[in-house]
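S.K.: Below are the C-alpha cells for one structure; questions will follow.
The values are calculated or read from the model by the stated rules, or taken from the named source; none is laboratory data. What you see is a predicted model, and the numbers here were worked out from it, not measured in a lab. Every residue, glycine as well, gets a Cβ built from its backbone with ideal geometry; the counts of neighbours run over all protein chains shown.
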Amino acid sequence: MQVAALDQDAVGGETPSADVPWSAVVRDIQRELRELGLYGGPLDGKYDARVKSAIRRFELRYGKIGEGAPLGTALRRIVSVRDALHLRRNLDEIRDRQTEEARRALRDSPATRDLV
C-alpha cells in the first residue's frame, strides 16, 4: 500500500485542529483496527504513525488494502475483514455446537451408543 496516498486523503489539504477529532473516517479506522487488536492508540481521528503502523500490520495479516486506496475504501476493506472474521467465528461456534449435539444423540441412542 502507498501510505503517502492515504496521507494525502487524510489531510485533504487542510490542517487538522489539535482539539477536535478531524476525521470521522480515520476515527472509524482506528476503532476497527482496535477491534482487530492491531491499534492501541486513542480514537482521536488523527492519521498519525500509530494508524499507519496498524494499517501495515493489517495488510501483513489480511492482505493489501489497495495501492493508494482512499481512506473510505480502506475503512470498507477493514470492516469487510472484521465482518468475515465474526462470521467465521459464529459459523465455527454453530458447527461445534451441532457436532456436540449429534455426538450426544448418538451416545443417547442404544442403537448407536457403541459407535461413538
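S.K.: Quick one: ALA74 ticks every box in (1) closer than 19 Å to TRP22 by Cα; (2) of a type outside the set (Lys, Arg); (3) out of contact with any helix residue (DSSP H, G or I) (no Cβ under 8 Å at 6 or more places or on another chain) except a single one, so which number is it?
M.R.: Single failed check for ALA74: (3).
S.K.: Go through the residues of the range 97-106 one by one and say whether even a single one is under 11 Å from the mean Cα position of the chain (by Cα), part of a helix (DSSP H, G or I) and either at pLDDT 95 or above or surrounded by 11 or more Cβ atoms within 10 Å (Cβ to Cβ) (or both).
M.R.: no
S.K.: Here's a follow-up. If TYR39 satisfies all but one of (1) assigned to a helix (DSSP H, G or I); (2) free of Cβ contacts under 8 Å to residues at least 40 places away in the same chain, what's the number of the condition it fails?
M.R.: (1)
S.K.: Is there any pair linking a residue in the range 50-62 that is without any contact (Cβ under 8 Å) to a residue 40 or more places away in the chain to one that is of a type in the set (Gly, Ala, Ser), with Cβ under 8 Å and at least six apart or on different chains, and which?
M.R.: So the pair list comes out as ARG50/GLY40; ARG50/GLY41; VAL51/GLY41; ALA54/GLY41.
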